[in-house]
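Notes to accompany the following structure.
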Amino acid sequence: MATPNVDKMSLKDLVELDLKVQKAISIAKERERAELKHKIAALAEDSGFSVSELFGGRGAAKGKSTGIAKYKNPDNHSETWTGRGRKPNWLVAKLSKGAKMVEFEI
């Protein structure tokens, strides 16, 4: 795979590349997390246990999930929002200044 020459890319292209990379990282993390959960469950089952017997039932509440981030603050990439629940303050502020939701999609 050819590595892009980021020194010669425009700001717009760099931002687009960053969004693609962040989305790819998020997808890869979720995929690897699911694979690890499957491996742990299989190992526990082979040993005659369930995952809840080994780790307890202190996980997320039944039916609740954190979800995958769908929106990201362009000024601070650590601030994300899944699109569920109340909009975060950074998003409300940007929207009130005329920004569109599409601009924050990951």
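Among the residues of segment 77-84, are any surrounded by fewer than 11 Cβ atoms within 10 Å (Cβ to Cβ) and either on the phi < 0 side of the Ramachandran plot or at pLDDT 90 or above (or both)?
Taking segment 77-84 first, the residues surrounded by fewer than 11 Cβ atoms within 10 Å (Cβ to Cβ) are 78, 84.
Adding the requirement that they be either on the phi < 0 side of the Ramachandran plot or at pLDDT 90 or above (or both) leaves 78, 84.
Yes, segment 77-84 contains a residue that is surrounded by fewer than 11 Cβ atoms within 10 Å (Cβ to Cβ) and either on the phi < 0 side of the Ramachandran plot or at pLDDT 90 or above (or both).
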Among the candidates 2, 99, 69, residue that is surrounded by fewer than 10 Cβ atoms within 10 Å (Cβ to Cβ) and not in a helix (DSSP H, G or I): 2
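For (1) under 28 Å from residue 81 (Cα atoms); (2) modelled with pLDDT under 95; (3) in contact with a strand residue (DSSP E or B) (Cβ under 8 Å, 6 or more places away or on another chain), each residue gets a yes or a no:
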| position | (1), (2), (3) |
| --- | --- |
| 3 | no, yes, no |
| 32 | yes, no, no |
| 37 | yes, yes, no |
| 53 | no, yes, no |
Condition check for residue 105: surrounded by 11 or more Cβ atoms within 10 Å (Cβ to Cβ), closer than 22 Å to residue 30 by Cβ, of a type in the set (Asp, Glu) and in contact (Cβ under 8 Å) with a residue 12 or more places away in the chain: yes
Residue list for segment 75-93, filter: more than 18 Å from residue 19 (Cα to Cα) and out of contact with any strand residue (DSSP E or B) (no Cβ under 8 Å at 6 or more places or on another chain): 84, 85, 86, 89, 92, 93
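Looking at this structure, is residue 37 of a type in the set (D, E, K, R), surrounded by fewer than 10 Cβ atoms within 10 Å (Cβ to Cβ) and assigned to a helix (DSSP H, G or I)? Show your work before the answer.
On the way: of a type in the set (D, E, K, R): yes; surrounded by fewer than 10 Cβ atoms within 10 Å (Cβ to Cβ): no; assigned to a helix (DSSP H, G or I): yes.
Considered against the rule, which asks whether it is of a type in the set (D, E, K, R), surrounded by fewer than 10 Cβ atoms within 10 Å (Cβ to Cβ) and assigned to a helix (DSSP H, G or I), residue 37 comes out as no.
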Where residue 30 falls short, out of the listed (1) out of contact with any Phe, Trp or Tyr (no Cβ under 7 Å at 6 or more places or on another chain); (2) surrounded by 12 or more Cβ atoms within 10 Å (Cβ to Cβ); (3) in contact (Cβ under 8 Å) with a residue 24 or more places away in the chain: (2)
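The values are calculated or read from the model by the stated rules, or taken from the named source; none is laboratory data. Note that this is a predicted model, so its numbers are computed, not measured. Here Cβ is always computed from backbone atoms with ideal geometry, including for glycine, and neighbour counts include all displayed protein chains.
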